[in-house]
Structures are given as structure tokens and as C-alpha cells.
Amino acid sequence: MALPDRPAERHRQVAGLFTDRVRGTRSWDAPSPVADWTARDVVRHLTEWFPGFLASGSDVHLPSGPPVDDDPVAAWQVHCDGVQAVLDDPESAGRKFTNPHTGTLPLETAIDRFYTADVFMHTWDLSRATGQDDRLDPGFCAELLGGMEAMEEVIRSSGQYGPRVEVPAGADVQTRLLGFIGRDPSWPGR
């Protein structure tokens, strides 16, 4: 099933799948495909980087939940609900996000491009770390991969992605996306 194009609805579905994986996690200390990260660190990353990024570019402040170390499920849920509330708020439609690296974008576009896409990709990390279904929407995989391949030099120099992992010729789009962002698609997980 294809993900919707509207940022609020896309976030609802992408974050909903991530929420299912959070709720299905039995060991928060399980290693993840991201070097030196556990399952807990995947949630920590998403709940900690985005609030400051959002506030600095839009003056939107997300609610704070409990620390991830105390309750990763509640920390994620408070964070996720806060982002969804911003996207669902009719007043957000006219708001802008400004950042020296990205320029000025509609707020919902910035959330979709930088945050929802990150949640989508980290869903694989959490799923693989915790032995859950790790399939991602192939249409969104293709959209992300196409956009990122067009600016690979900028992406690689940002330090946000590891070196490309070579994948077999003819690999499916999810495998190609994972290799592009520096993940070993055959990472064994648990």
C-alpha cells in the first residue's frame, strides 16, 4: 500500500509503523544495525535531534516526555503525538521553517523531508534490531533513494550517512536504499 503524499497523513502512517515496532520491542539493549547503537538509541535519536531542529527553524516547541532511558515507549509516544499535532494543526499550514542549510520551506514540508523520512529509515533499524517485520514501503523507498542519489556528494559530506554498502545487482529498492544510507541490508540482527 502506497504512502500518502500529504505530510500529515504520511507521518501518521510512517510514525504508526514505528510505534508498532516500539511497542513490539522486548529488549531495549539489543544491538542495532547502526554501529554502537542499541534499540533504545534508535528511539533516543529520533526523540532528541528533532525538537531542537524544529524549534530553531520555526519556533515550534514539542512537548517533552519522560527520558528514553526511563521509558522509551512513553518517550516515543509523547514525541510522536507532538509532531502529529503540529502537522494536524490548521495554523501550521501557513508556517515556515528556515534553516541556513535548507533555506525556507513550508513547515509541513520540512517535517516531511527531514523528520518523517528519518523515522521511515530508522524503522528498519529498530525492526531488524528487535527481530520484527522490517519491510518498508517500496514506493517511498524509491522516492527517497531517487532524491538522495541526486545529491549524494552533499549527503556524504554531511556526515549523516555512512559509506555506501554495495548490494547485489538487481537488488530490490529497499535493499538499494539501505545500502545507499550505509546499512548492511543483510545485518543479522538478533
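FYI, it's all coordinate maths here, none of it is from the lab. From a predicted model like this one, the values you see are computed outputs, not experimental measurements. Don't worry about glycine lacking a Cβ; one is built from the backbone with ideal geometry, like all the others, and counts go over all protein chains shown.
With respect to (1) over 27 Å from Gly52 (Cβ atoms); (2) within 14 Å of the chain's Cα centre (by Cα), the lone exception for Trp187 is condition (2). So which residues in segment 161-170 are loosely packed, with under 11 Cβ neighbours inside 10 Å and not charged (D, E, K, R), if there are any at all? Passing the criteria: Pro163, Ala169, Gly170. Sort out which residues of segment 1-24 are crowded, with 21+ Cβ neighbours inside 10 Å and hydroxyl-bearing (Ser, Thr, Tyr), and write them in order of number. Across segment 1-24, there are no qualifying residues.
State all residues of segment 39-65 that are over 21 Å from Arg95 (Cα atoms), among the polar types (S, T, N, Q) and crowded, with 18+ Cβ neighbours inside 10 Å; if no residue qualifies, say none.
We begin by selecting, within segment 39-65, every residue over 21 Å from Arg95 (Cα atoms); these are 39-48, 64-65.
Next, only the ones that are among the polar types (S, T, N, Q) stay: 47, 64.
Selection gives Thr47 alone.
How about segment 112-158: which of its residues are touching a strand residue (DSSP E or B) at 6+ places or on another chain (Cβ under 8 Å) and surrounded by 21 or more Cβ atoms within 10 Å (Cβ to Cβ)? Residue satisfying the conditions is Ala129 alone. Screening the candidates Phe140, Phe180 for the property of being farther than 22 Å from Gln13 by Cα, of a type outside the set (A, V, I, L, M) and touching a helix residue (DSSP H, G or I) at 6+ places or on another chain (Cβ under 7 Å) yields one hit, Phe180.
Screening Val154, Val173, Val167 for residues that are of a type in the set (Val, Ile, Thr) and within 21 Å of His11 (Cα to Cα) leaves exactly one candidate, Val173. Selection of segment 78-110 for residues being of a type in the set (Val, Ile, Thr) and in contact with a helix residue (DSSP H, G or I) (Cβ under 8 Å, 6 or more places away or on another chain) yields Val83, Val86, Thr98, Thr102, Thr109.
Residue count for segment 50-92 under the criterion of being hydroxyl-bearing (Ser, Thr, Tyr) and either within 16 Å of Val119 (Cα to Cα) or touching a residue at least 40 places away in the same chain (Cβ under 8 Å) (or both): the result is 2.
Every residue, every condition in (1) within 18 Å of the chain's Cα centre (by Cα); (2) assigned to a helix (DSSP H, G or I); (3) on the phi < 0 side of the Ramachandran plot, yes or no:
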residue	(1), (2), (3)
Gly82	yes, yes, yes
Ala85	yes, yes, yes
Glu91	no, yes, yes
Thr109	yes, yes, yes
Asp118	yes, yes, yes
Ser127	yes, yes, yes
Gln132	yes, no, yes
Val154	no, yes, yes
